[in-house]
Structures are given as C-alpha cells and as structure tokens.
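The values are calculated or read from the model by the stated rules, or taken from the named source; none is laboratory data. Because the structure is predicted, anything quoted here is derived from the model rather than measured. FYI the Cβ positions are ideal-geometry reconstructions off the backbone, even for glycines, and counts take in every protein chain you see.
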Amino acid sequence: MTMNPQAAHYTLMGIETLSLRMERHVQNAEQIAGWLEGHEAVDYVTYAGLKSSPYNARVAKICPKGAGGLFTIALKGGYESCLKFVDSLEIFSHVANLGDTRSLVIHSASTTHRQLTPEQQRAAGAAPEVVRISIGTEDANDLIADLDQALAKATS
C-alpha cells in the first residue's frame with residue numbers, strides 16, 4: 001500500500017514541525033496543570049509532569065523533554081460541576097479525541113463512559129468528578145483565563 005503524493009506531503013509537513021508542537025504542548029501543560037493544582041475548585045490533578053506526581057521521577061528518566069499535554073482533573077463539585085465546567089469553556093473544544101493542536105476537553109462519565117456504573121467508571125479512570133484535558137498550542141494565559149471563568153461558573 002502506498003500513500004498518494006498529497007497525503008505524503010502533508011505527513012512530511014506534520015513530522016517536520018512535530019518537535020516544535022510537542023515542546024509547546026509540554027510547556028503549556030506544565031504551566032496549566034500547576035495552576036489547576038492550586039485552584040480551590042480542583043480536588044486533584046493527575047499529570048506526571050507535576051513535581052507532586054508519584055510518576056514525576058519516572059517521567060524525568062523516560063521522557064526527559066516532558067510528560068506531554070494530556071492530564072485529568074477532579075472537580076470538588078462532582079458530576080454536575082463537571083457538566084457546567086465543560087459547557088462553560090470557550091476556547092477548549094468538547095471532543096473525545098486527543099493530541100490535537102487545539103486544546104480539548106471531555107467529561108467521560110457523561111459521554112464515552114456513560115453506559116458504565118459509577119464503580120465501573122472509577123475502575124476505568126473516568127470517575128464522575130473527573131474531566132480529561134488535552135492541552136494544545138494556544139497561548140497558555142488564554143487557556144488559563146478560559147479555565148478560570150469556566151471553573152467559576154461550575155462552582156457558582
């Protein structure tokens with residue numbers, strides 16, 4: 001099987017800028033996860049790039065350029081707060097895929113894992129109070145402002 005020339009060209013273009021994009025994903029994720037970890041509405045953040053993560057030393061050894069752009073947060077307000085949070089975001093796209101240049105968010109308990117019981121959701125890492133976030137290449141301060149306004153709406 002061979003790729004058509006245009007698809008091959010697009011693939012090559014994407015590979016050429018992958019290291020730059022990943023550098024930006026990691027920088028943004030580290031800054032944003034750290035900010036979220038200190039937010040009063042957030043119970044915890046699971047991101048191996050945080051010093052507080054039990055996996056941080058492993059990431060430093062295995063992934064010296066960073067832990068990537070994906071992590072989860074748990075909101076103190078639970079399921080309903082997660083729904084309000086996701087609905088209030090303006091920059092983040094509400095989709096199930098990951099790894100885009102755009103920032104993405106999904107509340108798995110109400111979407112991809114909704115057919116499971118709460119116990120099964122927890123076992124799958126998709127607890128009712130958990131939101132999955134994939135950080136893109138946008139300006140980190142813009143993303144933080146969007147998260148902050150959405151968290152304010154989710155907890156009001």
Would you be able to say whether some residue in region 82-94 is assigned to a loop (DSSP other than H, G, I, E, B), more than 19 Å from Glu138 (Cα to Cα) and not basic (Lys, Arg)? no
Picking from Ala140, Ala154, the residue that is surrounded by 20 or more Cβ atoms within 10 Å (Cβ to Cβ) and at pLDDT 95 or above would be Ala154
Applying the selection to region 71-109, what residues are loosely packed, with under 15 Cβ neighbours inside 10 Å, out of contact with any strand residue (DSSP E or B) (no Cβ under 9 Å at 6 or more places or on another chain) and among the β-branched types (Val, Ile, Thr)? Thr101
Can you name the residue in region 94-103 that is under 20 Å from Gln27 (Cβ atoms) and of a type in the set (Gly, Ala, Ser) and, of all such residues, is nearest to the chain's Cα centre (by Cα)? Ser103
Flag if Tyr79 is part of a strand (DSSP E or B) and free of Cβ contacts under 8 Å to residues at least 60 places away in the same chain: no
In this structure, is Glu90 farther than 19 Å from Glu40 by Cα and touching an Asp or Glu at 6+ places or on another chain (Cβ under 6 Å)? yes
Of (1) on the phi > 0 side of the Ramachandran plot; (2) of a type outside the set (D, E, K, R); (3) out of contact with any strand residue (DSSP E or B) (no Cβ under 7 Å at 6 or more places or on another chain), Ala124 satisfies every one except (1)
In region 34-74, anything without any contact (Cβ under 8 Å) to a residue 40 or more places away in the chain and part of a helix (DSSP H, G or I) is listed as Gly34, Glu37, Asn56, Ala57, Arg58, Val59, Ala60, Lys61, Ile62
